[in-house]
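The values are calculated or read from the model by the stated rules, or taken from the named source; none is laboratory data. As the structure is a computational prediction, the values presented were derived from the model and not from experiment. Methodologically, a virtual Cβ is constructed for each residue, glycine included, from the backbone with ideal geometry; neighbour enumeration extends over all protein chains shown. To get the accessible areas, we keep the full protein, side chains included, count just its heavy atoms, and leave off ligands, DNA and RNA. Shrake-Rupley method; radii C 1.70, N 1.55, O 1.52, S 1.80 Å.
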Amino acid sequence: MIKTQLLVKRKAGMTKDAFADYWLGRHVAVVAKVGEIRRQTISIVRSDLQRADTPWDGLANAWWDDAAAVASARQSDAFRAMIDDEANFVDFSVRCPITVVEVNPLAPKAPPPPHPDRIKIVNPLFKLEALSDQAFCDYWRGPHAALNNALPHMNAYIQNHIHPDFRNAARSCDGIAESWFNSMDEIRELLLSEANARLREDEAHLIQPGSLLPMVCREYRTI
């Protein structure tokens, strides 16, 4: 199984509600015709909870049998129709597709089933320029994950590392972290914890200063 991720921003002049409605309505029906996609989830930034501006308004995750299935899909009319339809709601200038390997530092804690009432945090990561791709992955899944695992209320946590076979592909970020919470109270307690202070200090070994802009999302299963 291989996973692709797509960070998207709504096109200029489109409201957040219209963006969400189009994505979850018309576009989902178009994507469903790409038969190679085995599963898809969509995470959309919650305007009721998101305080800081973020470069993107949502994240689509798709799972495929293998890289060959992705390559085959890209030659199909259904895939081309999907990309064409994105122009109706997506700003292509900041569109960010990546192919990733999932790492679950909290195994066997698996992500919960997508539900719009649950809170999901999406963190696109930008590595320090001095770090190679491999050094970034090793530190993120090693020392940094150990600190992340110590956070209170960390119900589920997935690291998405750029797939080794796709590291030379153009990309706008160096990985995406996904975490799930039952309530904003859990997140507030986490942010005030000593464990979080240690995690924040450790970010200096991993990511570009000031680059962390968490997206507070609702998550939906669409395929």
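Near G175, the amide H atoms lying under 5 Å from its own belong to L125; only residues 5 or more places off or on other chains count, and H is placed 1.01 Å from N. Within the straight-line cut-off of under 28 Å between alpha carbons, the lysines reachable from K9 are K33, K120, K127, sequence neighbours fewer than 8 places apart in one chain being disregarded. Using r as the Cβ-Cβ distance of A204 and S172, and R0 as 22 Å, what FRET efficiency do you calculate, to the nearest 0.05? That pair, A204 with S172, gives E of 0.50. The residues packed around R167, meaning those with a beta-carbon under 11 Å from its beta-carbon, carry a net charge of -2 if Lys and Arg are +1 and Asp and Glu are -1. Using heavy atoms of the protein chains and a probe of 1.4 Å, the accessible area assigned to K127 is about 30 Å². Calculated mean residue ellipticity, 222 nm, the chain: -6500 deg cm²/dmol, from DSSP H runs (n ≥ 4) at -39500 (n - 2.57) each, averaged per residue and rounded to 500. Within the shell defined by Cβ-Cβ distances under 13 Å, the residues around S132 carry a net charge of -2, with Lys and Arg each +1 and Asp and Glu each -1.
Annotation for L147 and Q75: the two label points, set 7 Å from Cα along the Cα-Cβ direction, are 4.7 nm apart. Take the range 80-192 with all the other protein chains still there, run a 1.4 Å probe, and you get 48 Å² of accessible area per residue. In the range 1-141, Cα pairs under 8 Å separated by at least six residues give a relative contact order of 38 percent. Atom-type composition of the exposed protein surface of the range 1-86 places 51 percent of the accessible area on carbon and sulfur (1.4 angstrom probe). Measuring with a 1.4 angstrom probe and ignoring ligands and nucleic acids, C137 comes out at about 10 Å² accessible.
Extending 7 Å from the Cα toward the beta-carbon at both H163 and D65 defines two label points whose distance is 1.4 nm. Helix 77-86 axis versus longest C-alpha principal axis of the chain: approximately 60°, rounded to the nearest ten.
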